[in-house]
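To start, the structure under review is shown below, and the notes come after it.
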Amino acid sequence: MTATMSADEGQYDPFDEFNRAMGAGGEVSPYPAFVERRRTAPVAPFDIRSEMGVDLSDEDLAAMSEGQPQTFTASTFDTVNTVLRDGATFSSKGYAEVMGQVLGHSILEMDEPEHHRMRALLQQAFTRRAMERWEPEVVRPVVDAMIDGFAGAGAVDLVRAFTFPFPIAVFARMLGIPDEELPTFHRLGVELIGVTVDFDRAVRASAQLAEYFGAILEERRSRPAEDMISVLAQAELDGERLTDDEIFSFLRLLLPAGAETTYRSSSNLLVGLLTHPDQLRAVRDDRALLPQAIEEGIRWEPPLLTIFRTATRDVELAGVPIPEGSTVITNLGSANHDEARWTDPERFDVFREQHPHLAFAAGPHMCLGMHLARMETAVAINALLDRLPNLRVDPAAAAPHITGMVFRAPPRLDVVWDT
Ligand code: HEM
């Protein structure tokens, strides 16, 4: 590895930095407010005060909105699904403004036909064969090594010890990054993700990551191995290959899109299971229930509540006129709790009748990594249940809770087990 790393590592804790960047805190669940919105206004003008918990006076709000495109929120399953499946009317280009500056021109902000070409190339790194190899060669060893570190302790904060670090360690291993460089890689990932908190730091991290990935890419172009960067370097469509910049943008995107979401979704599933001991017991005793438990966890508490699109023309949605250029926020969390589709939707219930949900979005940009996310989560939960006998919430600690108005996860998850 030839890339150099500046060494302000150790000056701050990536975990705290990360949580701060993601605005964790607050005990209020946004879900009760969504019930009323679904009933009365499936599509409505966005209200930053109630939807993001931002405290603003009427005057400040008016000043902030002046000259800005109108913004609407879609809250029901049908309206969210309609927006996400119609990429021609609801464009993804809005991501270029903030995320694009640190990720580069990534697949996330592309519309058709550019998006289609990029997706066909990137998909070559996410085949069933890749998944079958990653599980025993990458995911299980990472998960086992991490659990080895605390299995003898009998008590731990599972978020800090396990769910936060494991997806990024998996990702690093997939890219072929040596273990000793993991802290640096993790730090750069956290800085990149914190773009809304410290823009300059995120831009610096973005450049450093390109330098870092560049060194690996150069090596893999000359000596291809089996890792993801080698596969991306070889990917081909109609004789065309991915450029270095296209690969860097994709790899940068995987930090927020892959590692952060999986940390949150696996933490949320653990909260669901640990606070419903009967369901935990059922899954522990019959692992065939695990896939439906994973799906229910992601439906019940998706790690990412909202994504957005930009209207490319004047359009009407659920009877509401949306002018061209407006931003449409799709509330995936609310869509996943639509009572028209799920009975008693606020309840975590691994036994409920399953219907496809929208936590992974829908349409052209539907999550490229969803099979990987499910596989990683299954490996993680199986290993925890196998290796930590009688795993349960620590009765001496505060009850676990999930927080966040956009990104959701428990800040901690104190557990105990029999040693
Ligand atoms: C439970 C975990 C995950 C959730 C809930 C999730 C959710 C999502 C959502 C909602 C989108 C659509 C974003 C938009 O169009 O605005 C998306 C896209 C994407 N996800 Fe995931 N994701 C997860 C895990 C992963 C993993 C593990 C990876 C890869 C390592 C990944 C890679 C991607 C990529 C590359 C896209 C962009 C696809 C495109 O634009 O065509 N995700 N994900």
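Here is how the numbers come out for the structure above:
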{"item": "In region 74-152, the GluC sites (Glu not before Pro) that fall in loop regions by DSSP, at most 14 other Cβ within 10 Å", "result": "Glu97"}
{"item": "Cα centroid separation, region 128-157 to region 213-234 (Å)", "result": "24 Å"}
{"item": "Area projected by the alpha carbon convex hull of region 293-382, averaged over all directions, nm²", "result": "6.8 nm²"}
{"item": "Percent RCO, i.e. relative contact order, over the chain, from Cα pairs under 8 Å lying at least 6 residues apart", "result": "28 percent"}
{"item": "Label-point separation in nm, Arg221 to Ala96, each point 7 Å along Cα→Cβ", "result": "2.5 nm"}
{"item": "For region 93-108 and region 280-317, distance of Cα centres in Å", "result": "24 Å"}
{"item": "Packing-based ranking, highest mean first, of 206-216, 390-400 given that Cβ atoms within 10 Å are counted", "result": "206-216, 390-400"}
{"item": "Residue-span extension gain [Asp144 to Thr312] - 0.36 nm each, minus C-alpha spacing", "result": "55.7 nm"}
{"item": "For the chain, share of DSSP beta bridges that run antiparallel, in % to the nearest 5", "result": "85 percent"}
{"item": "Rg/Rg_globular for region 95-416, with Rg_globular taken as 2.2 N^0.38 Å and Rg from C-alpha atoms", "result": "1.02"}
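Every number in this text was worked out from the coordinates using simple rules, so none of it is lab data. In this text the structure is predicted, and so the values were computed from the model without any measurement. With ideal geometry, Cβ positions are generated from the backbone for all residues, glycine too; neighbour counts draw on all protein chains shown.
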